[in-house]
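The values are calculated or read from the model by the stated rules, or taken from the named source; none is laboratory data. All figures in this text were calculated on a predicted structure; none of them were measured in a lab. Cβ placement follows ideal geometry from the backbone for every residue including glycine, while neighbour counts extend to all protein chains displayed. Remember, those area values only see protein heavy atoms, side chains included, never the ligands or the DNA or RNA. Shrake-Rupley method; radii C 1.70, N 1.55, O 1.52, S 1.80 Å.
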Amino acid sequence: AGSAAQAVKRGGGNGFAFFEAHMQDGVRDQLELARDLRAALEDGGQGLCLHYQPKVSGATARVLGVEALLRWQHPQRGPVGPGSFIPVAERFGIITALGDWVIDEACRQMAAWRDEGLRLRVAINLSVQQLRQPEALLQRLQQALARHQLDASQLSCEITESVAMEDAAATERVLQRLGDLGVSLSIDDFGTGYSSLAYLRRLPVSQLKIDRSFVQDLETSADARAIVKAVIELAHALGLEVVAEGVETEGQAAVLRAKRCDKLQGYLYARPMAADALVAWARSPEAAQAGVIFDDTPGF
Ligand code: C2E
Ligand code: MG
Ligand code: MG
Ligand code: MG
């Protein structure tokens, strides 16, 4: 902000000078992050880790699966959020390597949980650029699943609605192949793009995640309630399961349960947590009191 203000002075109110100086700062910053992210990956993922957030059943409060969310502890800057470094990774051609690391790590963790007797479905987030290289993506997924002797159906992939819409024909082909591999597919941030349920019906998708912006407004906006109700009913009519993301209050959860939302995810239940913290949480008295239990019966 300091250098931007200087730029305004230097430029004597010239809007262009202001913009340019501001951009240079941003680009230098991004280049630095990109370099450090590459170094982290070359170092076997040093500083990277996955946190896991439960998806809780609306009907029974059982934890049926978790979403893996990438975290990065930068050696100098401390924690950097995926909202900052994922766009950098996409811009500088690092997202495929980063996504590969996520695939391997999620599968390794799933196998570790299985060996402890905990059967959890793990969802990973996929970037558009991973979908644009279907051969590499499928091969990586297949290898990671095989290495850990995991059933593909235990892994799901989340793709944002806007990505699913970007190149509909190509997306349809790659999702079909992912579906054939046996992984389940989920449309993330639903409601923020402009896809039609008619198009989604053609995709081998089994889950829709209602974007947090709708969930946030559930208690205050009749429109949000109407949209959420319509989405849940249509999704169910098409045989899709619905997850609400960003559930923060009991009030929101009550509305969602009344509308038969299948799964709820949000800070109300748990924040994304490191793998060992997740297991400790699941076995904690608070979780038990909230009625939260892991469904570790085989074959759920
Ligand atoms: P997303 O996939 O839609 O993930 C949900 C985001 O909402 C996460 O933010 C999560 O921490 C946050 N969240 C969950 N519950 C609540 C809640 O109750 N209230 C609020 N305010 N927020 C909640 P996060 O972890 O910062 O991730 C942001 C986005 O970064 C993700 O959105 C996803 O698009 C992307 N991302 C994260 N990990 C990966 C990854 O491994 N690969 C790719 N390609 N993208 C990733
Ligand atoms: Mg997601
Ligand atoms: Mg989401
Ligand atoms: Mg989101």
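Per-residue counts of other Cβ atoms within 10 Å, averaged by peptide: what ranking do you get for 246-254, 155-163, highest first?
Result, highest mean first: 155-163, 246-254.
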Checklist entry - Can you give the accessible area of Arg177, probe radius 1.4 Å, in Å² rounded to 10? => result 100 Å²
Checklist outcome for this item: The ³J(HN,Hα) series, computed from each phi in region 257-271 with the Karplus coefficients 6.51, -1.76 and 1.60 at θ = phi - 60°, rounded to the nearest Hz and given as x for glycine or proline, is 5, 4, 8, 6, 5, 5, 9, 10, 9, x, 4, 3, 8, 6, 7
Checklist entry - Per residue, how much accessible area does the chain show when a 1.4 Å probe rolls over the protein heavy atoms, in square angstrom? => result 49 Å²
Item to check | Cα gyration tensor category, rounded, prolate or oblate, for region 122-164 with a/c compared to 1.5 | outcome: oblate
Checklist outcome for this item: With only helices counted (DSSP H, runs n ≥ 4, each -39500 (n - 2.57)), the per-residue ellipticity at 222 nm for the chain, to the nearest 500, works out to -15500 deg cm²/dmol
Item to check | Loop-resident sites, region 253-285, for chymotrypsin sites (Phe, Trp or Tyr not before Pro), counting at most 16 other Cβ within 10 Å (DSSP) | outcome: Tyr267
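If we count every other residue with Cβ under 14 angstrom of Phe85's Cβ, Lys/Arg +1 and Asp/Glu -1, where does the sum land?
Cβ neighbours under 14 Å give a net charge of +1.
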